[in-house]
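Chemist: This structure is in structure tokens; I'll ask about it shortly.
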Amino acid sequence: MDRRTLLAGLTVAPFAAMAYAWEARGGRREVPPPSPEREAFRARYFPNVVLTTHLGEKVRFYDDLIKGKIVTINFMFTACPKVCPRITTNLVKVQKLLGHRVGRDIFMYSITLDPEHDTPAVLKEFAKMHHVSPGWLFLTGKPEDIEVLRRKLGFTYADPRLDKDKERHIGNVRYGNEPLLWWAACPGLAHAEWIAESISWVDWPKNRPTGR
Amino acid sequence: MYHNVLGKRVSRARFKEIITAMRNRQELIAAQLSRRDLIKMGLLTSAGYLIPKRGLSARWESPIPDDQPASPPTTPFVEQLPIMPVKQSVASLSPAPTVCPNTAINPATGFPFEGRTRCHQAFTQFPPQVLYQVVQQPGQVTMSPQLPTQTIWGFDGIAPGPTYHQTYGQPILVRNVNNLPLNNGGFGINSVTTHLHNNHTPSESDGFPCDFFAERQYYDQHYPGVLAGFASDHPPHGDINESLSTLWYHDHRVDFTSQNIYKGLAGFFLLFNQFDTGDETTGFHLPSGEFDIPMLFADKVFDPTSGLLFFDTFNLDGILGDKFLVNGKIQPFLHVHPRRYRFRWLDSGPSRFYQIFLTDLNNLSAHNAFWQIANDGNLLPTPVQVKSVRIGVAERVDVIIDFRPFAGKTIYLENRLEQEDGRGPTDNILRAGHGNLLLKIIVDLPTVADNSVDPATRPQFYSLPSATPTPRVTRRFDFDNSNGGWTINDQFMDCNAPRFTVQQNTVEHWILINSSGDWQHPIHIHFEEFQILSINGHPPAASPLVQTGRKDVVRLEFDTTIELFFRFRDFLGRYPMHCHNTVHEDHAMMLRWDIAPVGDTNRNP
């Protein structure tokens, strides 16, 4: 991803885009406006900490990455011996399945649990090694900010011993539609097709969630 | 605006939460010091002692220890126990129900009118005689006079939803209409699928987790009202010993079930027949009418600032509430006559286990016995006298309580099972009066006729179907956790991938294993009732907790291996097995299995 694509992704106004798309398909309803619930959700779960992308850009977590978007969020670290590479490989498949939507109205984020080692340069190399395409950002930041994010976003174990064991870190992929407050999660090692399909069900208004 | 709490900056809302939590803790300490007086004065202010110690989860940033969201205080026992209305049928539906889905495009939405994708497999054989239409829609309710009006999502806009009554032999069709809004108010999703737990339902009407339908669509569910075995070993009417009675219906939308049920999408569904008649002067003479009361237990949390229902969307372990609701009200009261009542108890979750005792706060050492007559809605062969019952999420227990010995007194339904987080109970039983008081029962109504059977006479209900036939296959399922995902045999939920296929009209044994000492799982298998063959190698106990009888949820407790007996009959298609801690369920502890004319023998699917 080059700087231009990144900025395009960050400056697009998905809110307006979504409303437009829905109207274009004959729907009458509008995207819910900013609401007290949405504000409460932001305040509780999405600290607006400054992170750095694998491309070296400074971004604010809520304002630049989450607000108004459909996103996936997972945690990883590049030195992770077992589970992270498998999850990243799996998510590359998910990214391919979602195709051109990624980076336009679906955004993927992987946050490092090892910010001291995982500098933007290290993350960039990791992304390159895994053939990650644009629209998927690897993020690092101050260790204390990462820890706040991890806790707020629920990537923790209730058992403190387990919670300290980085190699057993929570490997879930949280997916959600921020304006609609639709949030759920899939394990990062679930079938890639299943993860992509689950994400498609919060991909409103492009897709309307119906079963099969 | 920020406040400084022990050197940390927190927002005004957060500060208020912390103060509320502290105030509740102080309330608790005060209550502990002078509990006897408070009891006498009727000023017991909290549901129990567990609550302020543990709110929702252990992960919040902690300026002070135990800093978790705590609900605002509420005064218990000031509102009457609501009784849900009985669902009324309609003369006709427009458009008329069809065997195959109504795929005509609704011009208002651009999508098919009906969300169903498969044809009814038993519609022609059991044409519906009674029709219902139920609408999933928002509703305004109060759960306590001290909390603001809440917007819930309910069947017909009420929570719990209306209670269905069906009689065996009378097929029905329920049209679910989705009128839920895009705006969820904080949690929940407006695509839904309704599971009737645990009816003998054809797959396409079962409420499979991926058979969800969108707002402004409908979905017709056909409930044939037939007994298991009608098409195989007990033609043509099925096996009377497979009769069901206390069922419940609830949303089952994959990945969002915990949110949607918590938001209110659940209700009771009662089945009657020539024995369990709904009339205590006939059949088994079970207490009926106003003396037959379904009670849906739920624990919830309310935002300390707004007082609105709060759901911790990003929790993975399981969610505990600090307010205890019965039929939609926080700690209600109920006036009763001094006679026998049938209570139908249901743990609607999301994650809590209960062990329910009858507590007389003026005589805490008394063991107040009552009668358990059913397990998961299945009448036991004969009533069993108990001092308590334990239920995990989705389990039901029907009991008969004789209030004559309590005439003039007040007693409480009390949960004395200690549970500190969503992973499961500690298995510690708290002292009487130190648990969570759920319902205040005042035995002050006049003496009335009682035509119901005295359980002490040991009436005989149904016999247990034989569990001795040799299984075609014995399958093993390990319930565990892998990097935060809840697993069955190291795999995760995928609606598209059946993990094994059961051969129709065969017997199977399933072995469920929990090798962890850290969590418990209430495991539910759709479609057929099972019998427990063994728990850790021993036959299931008949007391003090009743583990015998037919069931559809089994509590997979710490370090436990349970073997189950199944017969699979009558219908074909897909069904799930899952943990009914709905937070575990939503985080992948579920699998799809199918029934087909030809099955596999995969022992570790």
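Chemist: At 7 Å along the Cα-to-beta-carbon direction for both B:T382 and A:D63, put a label point, then send me their distance in nm to one decimal.
Modeler: 7.5 nm
Chemist: Continuing with the same structure: Need the list of lysines near B:K551 for cross-linking: C-alpha distance under 24 angstrom, and skip anything on the same chain fewer than eight residues off.
Modeler: Reachable lysines: B:K387.
Chemist: In addition: Measure off 7 Å from each Cα along the Cα-to-Cβ vector at B:S466 and A:T89, then give the distance between these two points in nanometres to one decimal.
Modeler: In this crude label model, B:S466 to A:T89 measures out at 5.2 nm.
Chemist: Scan around B:L556 for amide H atoms under 5 Å from its own, H built in the peptide plane at 1.01 Å from N, and keep only partners 5 or more places away or cross-chain.
Modeler: B:H521, B:I523
Chemist: Oh, and also: For the residue pair A:L162 and B:D478, what label-to-label distance in nm results when each label sits 7 Å from Cα along the Cα-to-beta-carbon direction?
Modeler: 1.5 nm
Chemist: Still on this structure: Roughly how many whole Å is it from the C-alpha centroid of the range B:491-567 to that of the range A:67-104?
Modeler: 35 Å
Chemist: A further question on this structure: Taking the alpha carbon gyration tensor of the range B:105-273, what are the square roots of 5 times its eigenvalues, largest first, to the nearest whole Å?
Modeler: They are 29, 19, 13 Å, listed largest first.
Chemist: Among B:131-140, B:196-205, what's the highest-first ranking by average C-beta atoms within 10 angstrom per residue?
Modeler: Top of the packing list down: B:196-205, B:131-140.
Chemist: Here's something else I'd like to know. Could you name the lysines whose alpha carbon sits less than 16 Å from that of B:K409, not counting residues in the same chain fewer than 8 places away?
Modeler: List returned: B:K40, B:K440.
Chemist: Per DSSP helix of 4 or more residues, -39500 (n - 2.57); summed, then divided by the residues of chain B. What does that give at 222 nm, rounded to the nearest 500?
Modeler: -2000 deg cm²/dmol
Chemist: Residue by residue through B:301-313, how many Cβ atoms from other chains fall within 10 Å of the Cβ on average?
Modeler: Mean shielding count: 2.
Chemist: If each residue of separation counts as 0.36 nm, what is the full-extension length gain between B:V78 and B:H367 once their alpha-carbon separation is subtracted?
Modeler: My answer for the length gained is 101.4 nm.
Chemist: Just to confirm my understanding: which cysteines in chain B have no other cysteine beta carbon less than 4.7 Å from their beta carbon?
Modeler: So, B:C579.
Chemist: Something else now. Short version: ³J(HN,Hα) in whole Hz for each residue of the range A:73-87, in order, from phi by Karplus 6.51 cos²θ - 1.76 cosθ + 1.60 (θ = phi - 60°), x for Gly and Pro, what are they?
Modeler: Here the 3J(HN,Hα) series is 9, 9, 10, 7, 8, 5, 8, 4, x, 10, 6, 4, x, 5, 5 Hz.
Chemist: Are any of the pairs A:K124/A:K164; B:K263/B:K323; A:K164/B:K323; A:K96/A:K206 more than 22 Å apart by Cα-Cα distance, and if so, which?
Modeler: Too far apart for the 22 Å limit: A:K124/A:K164; A:K164/B:K323.
Chemist: Quick one: what are the phi-derived ³J(HN,Hα) couplings along the range B:462-477, Karplus 6.51/-1.76/1.60 with θ = phi - 60°, whole Hz, x for glycine and proline?
Modeler: Per residue, the Karplus-derived 3J(HN,Hα) values read 8, 8, 7, x, 4, 10, 9, x, 6, x, 6, 8, 10, 9, 10, 9 Hz.
Chemist: Which order, highest average first, do B:401-413, B:433-445 follow once you tally other Cβ atoms within 10 Å for each residue and take the mean per peptide?
Modeler: Going by the mean number of other Cβ atoms within 10 Å, highest first, we get B:433-445, B:401-413.
Chemist: In addition: Quantify how strongly other chains surround peptide A:91-102 by giving the mean number of their Cβ atoms within 10 Å of each of its Cβ atoms.
Modeler: Across the residues of A:91-102, the mean count of other-chain Cβ atoms within 10 Å is 0.
Chemist: Across the range B:291-303, in residue order, what do the Karplus-derived ³J(HN,Hα) couplings come to in whole Hz, using 6.51 cos²θ - 1.76 cosθ + 1.60 with θ = phi - 60° and x for Gly and Pro?
Modeler: Going residue by residue, I get 9, 10, 10, x, 10, 9, 8, 8, 10, 9, 10, 10, 4 Hz, with x marking Gly and Pro.
Chemist: On to the next question. Using a 10 Å cut-off around each Cβ of peptide B:486-498, what is the average number of partner chain Cβ atoms that fall inside?
Modeler: Per-residue shielding by partner chains comes out at 3.
Chemist: Take each of the peptides B:350-357, A:60-67, B:238-245, average the number of other beta-carbon atoms within 10 Å over its residues, and list them starting from the highest.
Modeler: B:350-357, B:238-245, A:60-67
Chemist: Once amide H atoms are built 1.01 Å from N in the peptide plane, which residues 5 or more positions from B:M295, or in another chain, come under 5 Å H to H?
Modeler: HN-HN under 5 Å from B:M295: B:R344, B:W345, B:L346.
Chemist: Here is a follow-up. Please report the base-10 log of the normalised intensity I(q)/I(0) for chain B, using a Debye sum with one equal scatterer per alpha carbon and no solvent, at each q in 0.11, 0.12, 0.13 (1/Å).
Modeler: For the requested q values the scattering log ratios are -1.06, -1.27, -1.51.
The numbers here are math on the coordinates, done by the rules we state, and not lab data. Everything quoted here is computed from the prediction, not taken from an experiment. When we count neighbours, we look across all protein chains shown, and the Cβ atoms used for this are built from the backbone with ideal geometry, even at glycine.
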